[in-house]
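Beneath this line is the structure, given in structure tokens, with notes to follow.
Just so you know, all these numbers are worked out from the coordinates, no wet-lab data involved. Values in this document were obtained by computation on a predicted structure and should not be read as measured data. Methodologically, a virtual Cβ is constructed for each residue, glycine included, from the backbone with ideal geometry; neighbour enumeration extends over all protein chains shown.
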Amino acid sequence: MVDIAPAVDKVPGLWLCKGFLTAQQQEELVSAIDAEGWFTDSEHNQAMRFKDLPKWALELSKLIYDAVSSYALAKDSLYLSAASQLSTSNMPFNLNLLQRVPLFDQMIVNRYQPGEGICAHVDLLQFEDGVAILSLESTCVMHFTCCSPKVSTPESECQYKELARHTYADNGGEHVPAKQGKVPVLLEPGDLVLLSGEARYNWTHEINRSEHWQTWRGERILQMRRTSVTLRRLVMPKQGP
């Protein structure tokens, strides 16, 4: 079974799957991404797909479903039924998220060169709860900051090529960091982050590599090219009367 655990107690709904993909699986996935031809020049560092996801993204979604399901069933053999007594707070994804079909229907692939990261943001509200982020090729530190909305209008996401030292862009809405500091989480190649509930809606996440290096427990992290795959589910439009 994949090693799935809450990343830190301070961020409810933030789960980390260490070594989610083996070295061989990572190599095959990066090769499949390269074969798409999205990043043939330095001007392109992001690719998005909606609904019609590549075969390898569907396979990744299945691996995530299997891992979370296996974790849940190990905790409660009745988890996939209405008879389960397992608290949703003890699960990466609650039962409603896990049983939606498809689990994900939107994908972003980002390719970061050393010195490039992503500024603090909360994913757009056009996406449902339950977000998966796979980190590949380079170790990095992702920081989480508790925030509260100043207004109710949705936030827009950062431009992914922006360096993380900039404040994130907004579209009439803004998230204000709370008084507590940033919570760091170490991501190594092949690690998977799962966000739901509070972590998805009430905490910003960012990766600041603007100085060409990061530190973890006093040690510098050598920056290399980094690729990330984010999987989400679009909010279904409301049906008319």
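Based on alpha carbons, the Rg and Dmax found for region 197-240 are 17.0, 56 Å. Packing, taken as the mean count of other beta carbons within 10 Å per residue, orders the peptides 192-198, 100-106 from highest to lowest as 192-198, 100-106. Cross-link check: pairs K18/K182; K55/K182; K10/K55; K62/K238; K10/K238; K10/K51 evaluated at a Cα-Cα cut-off of 32 Å; pairs beyond the cut-off: K55/K182; K10/K55; K10/K238; K10/K51. With a cut-off of 11 Å between beta carbons, the residues surrounding E27 carry a summed charge of -3, where Lys and Arg count +1 and Asp and Glu -1.
Between E28 and D41, full extension at 0.36 nm per residue minus the direct alpha carbon distance yields a gain of 2.6 nm.
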